[in-house]
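Take a look at the structure set out below.
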Amino acid sequence: MKTLRYLLLERLYEWSKVPYKLLFKQDDAWGISVNQLLQYAPSSLGYHLGCFLLSHNFTPEPQLEDHDVFHVLTTTSIAVPDEIAMQWLLLGNGKRSLYLFIVLTVGTTLFIDHFKSFIKAFKRGKKANRFYNLNYLNLLTEPLTDLQHTLKIKPL
């Protein structure tokens, strides 16, 4: 059974998606479906992204596609503490935004019992080559393992 802190953070995320896209996301939506992603080569980032979306019964979220790519690259689950850890990893990788700091503040406060894993994720982000700001639409055909190796991304 989910606790109140899980439900609270999930609800805050759902409420914040639209304002976040309007205020902070200027990129165009990719316009790619899960079925189209699954047409990529089985070793590719695009195919693995399609599998990730399919396995969680997700569809690509317009203008927020990179978030799901981060899950695939870092092999991060969608559990709430892992979502927060992934944000810590992105902070370590150099990402800076008001929204990121809000998520980290609220998420870390609600899940302070996971703080050691958050710091571990931050350190992994620092060790990786900068990847938070890449154009992943152009990298969907690249082999996932090659990207992870080149970018020095270690799974969370």
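For Leu45, Leu139, Leu8, the ranking by accessible surface with the largest value first comes to Leu8, Leu139, Leu45, using a 1.4 Å probe.
Scan the chain and hand back the longest stretch that contains none of the trypsin sites (Lys or Arg not before Pro) lying in DSSP loops with at most 12 other Cβ atoms within 10 Å. After excluding every exposed loop site, the longest remaining stretch is 3-95. How much net charge surrounds Val34 when only other residues with a Cβ under 14 Å from its Cβ are counted (Lys, Arg +1; Asp, Glu -1)? After counting each charged neighbour, the total is -3.
Just one of (i) 17.8, 59; (ii) 16.9, 49; (iii) 15.2, 41 is Rg and Dmax of the Cα atoms in Å calculated from these coordinates, so which is it? Entry (iii). Taking the helices alone, the chain has a mean residue ellipticity at 222 nm of -18500 deg cm²/dmol, built from -39,500 (n - 2.57) per DSSP H run of at least 4 residues and averaged over all its residues.
The values are calculated or read from the model by the stated rules, or taken from the named source; none is laboratory data. These numbers were taken from a predicted model, which means no experiment stands behind them. Positions of Cβ are generated from backbone atoms using ideal geometry, with glycine treated the same way; all protein chains shown enter the neighbour counts. Side chains are part of the model used for accessible areas, which takes the heavy atoms of the whole protein and leaves out ligands, DNA and RNA. Shrake-Rupley method; radii C 1.70, N 1.55, O 1.52, S 1.80 Å.
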